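Here the structure comes first, spelled out in structure tokens, and everything after it is commentary.
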Amino acid sequence: MSFTVAIDGPAAAGKGTISKAVAAHFGFAHLDTGLLYRAVGAKVLNGMEPLKAAQTLTARELEANNLRTPEVAQAASKVAVIKEVRAALVTFQRSFAARDGGAVLDGRDIGTVICPDADSKLFVTASAPTRAKRRHAELQAAGNKDSFETVLADVQARDARDAGRAEAPMVAANDAVTLDTSDLSIEAAVAKAIELVERSRSSVL
Ligand code: CDP
């Protein structure tokens with residue numbers, strides 16, 4: 001049986017951590033759809049044309065170890081405004097969502113465009129400074145030297161581009177539950193997300 005959990009939200013809101021934990025808790029598969037756009041963005045930074053980069057994307061390219069850099073994040077949000085690039089990535093995401101045994105997909109448009117019929121939808125958010133603080137700590141741990149201000153500006157620029165684009169803009173689906181993690185520990189945010197998914201599961205079973 002399939003059961004799809006859609007988790008959307010702005011940059012560095014904690015979607016990744018929450019999605020992984022929800023998937024592990026329920027034994028579902030997890031797809032970080034941001035990685036698809038990051039991998040396409042990385043190929044464009046290497047000189048490939050965006051649509052070709054999306055159409056030729058392979059699973060292996062999702063494992064490249066440079067996909068978490070701020071440069072690639074910006075490139076990702078630039079290719080993500082292109083309608084044809086998004087269209088080239090739809091089938092893969094929908095097939096993943098429909099797999100037997102359940103799936104969690106996190107991104108920007110999962111609950112609105114990719115899986116509008118998802119069984120459970122969360123919109124995970126937090127204030128921009130909180131998100132930038134978390135991303136800054138992650139980047140520092142990975143050896144990046146960008147200042148907090150630079151990281152904050154990066155997060156805000158991406159949010160503006162992601163929310164302002166014409167195609168599949170970042171927005172909470174009407175039937176999504178918003179989870180603001182600004183004042184929550186990771187454990188508390190994960191527990192809340194699991195509780196929300198559990199609630200939808202008991203209404204489906
Ligand atoms: O990890 P973080 O929240 O910073 O970003 P991400 O989820 O890896 O996404 C990187 C970029 O890909 C975003 O800024 C969006 O522009 C784009 N994206 C998108 O347009 N649609 C998705 N479903 C997922 C990501």
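The values are calculated or read from the model by the stated rules, or taken from the named source; none is laboratory data. Source: prediction; values computed, not measured. Cβ placement follows ideal geometry from the backbone for every residue including glycine, while neighbour counts extend to all protein chains displayed. Just so you know, the surface numbers come from the protein's heavy atoms only, side chains and all, with ligands and any DNA or RNA stripped out. Shrake-Rupley method; radii C 1.70, N 1.55, O 1.52, S 1.80 Å.
A few points about this structure:
- Potential lengthening between ARG99 and GLU138 on full extension [0.36 nm per residue; Cα-Cα distance subtracted]: 10.9 nm
- Carbon/sulfur fraction of accessible area - the chain, other protein chains in place, 1.4 Å, %: 54
- Given charges at Cβ of Lys, Arg, Asp, Glu: the chain dipole, positive-most of LEU35, GLY102, ALA54: ALA54
- Shown here for segment 112-205: trypsin sites (Lys or Arg not before Pro) in loop regions (DSSP other than H, G, I, E, B) with at most 14 other Cβ atoms within 10 Å, namely LYS145.
- Straight-distance candidates among the aspartates and glutamates for linking to LYS145, with alpha-carbon spacing under 17 Å and chain neighbours fewer than 8 residues away dropped: GLU71, ASP154.
- Accessible-area ranking of SER95, SER200, largest first, probe 1.4 Å: SER95, SER200
- Amide N of segment 52-94 lying under 19 Å from the label point, which is placed 7 angstrom from the Cα of ASP146 along Cα→Cβ: 64-81
- Cα-Cα over 24 Å, subset of LYS43/LYS83; LYS15/LYS192; LYS20/LYS192; LYS83/LYS192: LYS83/LYS192
- Here r is the Cβ-Cβ distance between ALA59 and SER127 and R0 is 41 Å; the resulting FRET efficiency, rounded to 0.05, is 0.70.
- Relative to the Cα centre, the charge distribution of the chain, modelled as +1 at Lys and Arg Cβ and -1 at Asp and Glu Cβ, gives a dipole magnitude of about 320 debye.
- Relative contact order for the chain: 34 percent, from Cα pairs under 8 Å spaced at least 6 residues apart, divided by residue count.
- Accessible surface of MET1, taken over heavy atoms with a 1.4 Å probe and every protein chain present, rounds to 140 Å².
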